[in-house]
Each structure stands twice: as C-alpha cells, then as structure tokens.
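J.: This structure is in structure tokens; I'll ask about it shortly.
The values are calculated or read from the model by the stated rules, or taken from the named source; none is laboratory data. Keep in mind that this is a model prediction, so the values were computed, not measured. Here the Cβ positions follow ideal geometry from the backbone for every residue, glycine too, while neighbour counts run over all protein chains shown. Accessible surface is based on the protein model in full, side chains and every heavy atom, while ligands, DNA and RNA are left aside. Shrake-Rupley method; radii C 1.70, N 1.55, O 1.52, S 1.80 Å.
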Amino acid sequence: NVQLIQYAVLEDKIAVWLISNNQFEVFTTPIQADLLEQKVKDYLDLIKEKSLQTKQISKELFDLLLKPILAKLDKTKQICFVPDGILYHLPFASLVSSESEKYLIEDFTLFYSPSATTSIILSEIAKSKTKTENLLVIGNPEFNRSNNSTLQNLESAEKEADEISKFYEKPTKLINSQATKSEILANFSKANVF
C-alpha cells in the first residue's frame, strides 16, 4: 500500500523515481540545483514569516516536484518520500496543487524515509512487531459532561482506533463506554503499545 517517490537533485535537473508494487516510472524535470535550493530556502523563510506569498511558492514547488507524476499516483496508497539534498528540508505535506488548490496532505497519506532500503527494513520490522506486540487503543471515550461541558465527542478518534487495531494481532480496543479509567488501568500494564 505504498508508493515510493525518490528524488535525485542533479546539477541541471531533478530525477524522480515512482515505485510501487505494480509500477516503476522515471521522470526528470529541468532545473538548476542552485535555483531549486534557493526556491526551497525562500519557501521555508516565507513559512517562518507567515507571509501571504507562501502559497504561490508552494504551488511552484508542487508543480516542479509533483505535477509530472501526479496522474500516476494512487490516492488509496501511502506516499513515502525519499528526498535528496535540499529536499530533505522541504515539508512536502504543505505543498499546494495549483489545480485543485488543496494541500498535498489533504489528498494523500505521507511519510518520509532517508532511503528506499531503510523504508523496506523498517516496514518489515513494524510488520513483525504488530504480530507480537499487545496494543491498547482508546477511541472516543465517554465522560461526565457536567465537569467538561465544552468538550465534544471525538468521533474521528473512534475511527482511528478501529483502523489502528487492524494492524495488530492482539489489540485491546476500548471505545465509548468501555474506555473507563478502571479498564484503561487494568489493561495498561499488559500493553506494549498504547
């Protein structure tokens, strides 16, 4: 469920590899390395300044780094970014599509890895751990409204708890009225992951 996007910043272009279980594509975008570096640095500075120009450079970087491969991306799969050079500093999730006006994070689940090999190794380790680790997950606990009148239900947290527990063979899921202090304390010491 992962599509790997690996970048190589070369002197006069960016090489991009898009790899998944059913595709291997290579794209290049012409740009001087020093110009790319300046664009990324300018973008990071604008973010710090909370400038109104941030969105424009964000769109430029989106078009430069993602637009050539956008049609090939599957929204049902996660994206693993393997950056290179200055791109290690770039928050890809904050890039905005010039067409849809949406942030990348709105359409895709993202994570980063220093290399493709590291991503594969850590995925295998994580997969083996979910078979042996005990999970305690809590979602949308009920609580006394008289003491906490401004707090709302966490319906999304219930969905997240359901999704997370699917990765583990030994989940203990405490949802709604099951998520009491006594149940949490009774199960906490048995959990490897909380």
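J.: Being touching a residue at least 40 places away in the same chain (Cβ under 8 Å) and in a loop (DSSP other than H, G, I, E, B) is the filter; apply it to the stretch 166-194 and report the residue that is nearest to G139 (Cα to Cα).
T.: A179
J.: Scan S156, S177 and give me the residue that is more than 30 Å from I19 (Cα to Cα), under 23 Å from the mean Cα position of the chain (by Cα), open to solvent by 50 Å² or more (accessible area, probe 1.4 Å) and of a type outside the set (A, V, I, L, M).
T.: Residue meeting the stated conditions: S156.
Each row is one residue, and each column tells you yes or no for (1) surrounded by 14 or more Cβ atoms within 10 Å (Cβ to Cβ); (2) under 29 Å from F167 (Cβ atoms); (3) out of contact with any Lys or Arg (no Cβ under 6 Å at 6 or more places or on another chain).
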| position | (1), (2), (3) |
| --- | --- |
| Y7 | yes, yes, yes |
| K50 | no, no, yes |
| S58 | yes, no, yes |
| E99 | no, no, yes |
| F108 | yes, yes, yes |
| Y112 | yes, yes, yes |
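J.: When you scan the stretch 102-121, do you find a residue that is touching a Leu at 6+ places or on another chain (Cβ under 6 Å) and part of a strand (DSSP E or B), even just one?
T.: Scanning the stretch 102-121 turns up no residue that is touching a Leu at 6+ places or on another chain (Cβ under 6 Å) and part of a strand (DSSP E or B).
J.: Tell me, please, whether a residue that is assigned to a helix (DSSP H, G or I), within 29 Å of N21 (Cα to Cα) and of a type in the set (S, T, N, Q) can be found in the stretch 52-61.
T.: Within the stretch 52-61, not a single residue is assigned to a helix (DSSP H, G or I), within 29 Å of N21 (Cα to Cα) and of a type in the set (S, T, N, Q).
J.: Might you let me know whether the stretch 70-79 holds any residue that is over 16 Å from the mean Cα position of the chain (by Cα) and assigned to a helix (DSSP H, G or I)?
T.: yes
J.: Among the residues of the stretch 9-22, count how many are assigned to a strand (DSSP E or B), under 21 Å from the mean Cα position of the chain (by Cα) and either surrounded by fewer than 16 Cβ atoms within 10 Å (Cβ to Cβ) or aliphatic (A, V, I, L, M) (or both).
T.: Residues flagged as assigned to a strand (DSSP E or B), under 21 Å from the mean Cα position of the chain (by Cα) and either surrounded by fewer than 16 Cβ atoms within 10 Å (Cβ to Cβ) or aliphatic (A, V, I, L, M) (or both) within the stretch 9-22 amount to 3.
J.: Right, next: Could you say whether any residue in the stretch 125-143 is open to solvent by 90 Å² or more (accessible area, probe 1.4 Å), in contact with a Ser or Thr (Cβ under 7 Å, 6 or more places away or on another chain) and in contact (Cβ under 8 Å) with a residue 12 or more places away in the chain?
T.: yes
Residues checked against (1) among the polar types (S, T, N, Q); (2) open to solvent by 30 Å² or more (accessible area, probe 1.4 Å); (3) over 23 Å from Q3 (Cβ atoms); (4) touching a residue at least 12 places away in the same chain (Cβ under 8 Å):
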{"position": "E37", "(1), (2), (3), (4)": "no, yes, yes, yes"}
{"position": "T54", "(1), (2), (3), (4)": "yes, no, yes, no"}
{"position": "L70", "(1), (2), (3), (4)": "no, yes, no, yes"}
{"position": "T76", "(1), (2), (3), (4)": "yes, yes, no, yes"}
{"position": "C80", "(1), (2), (3), (4)": "no, no, no, yes"}
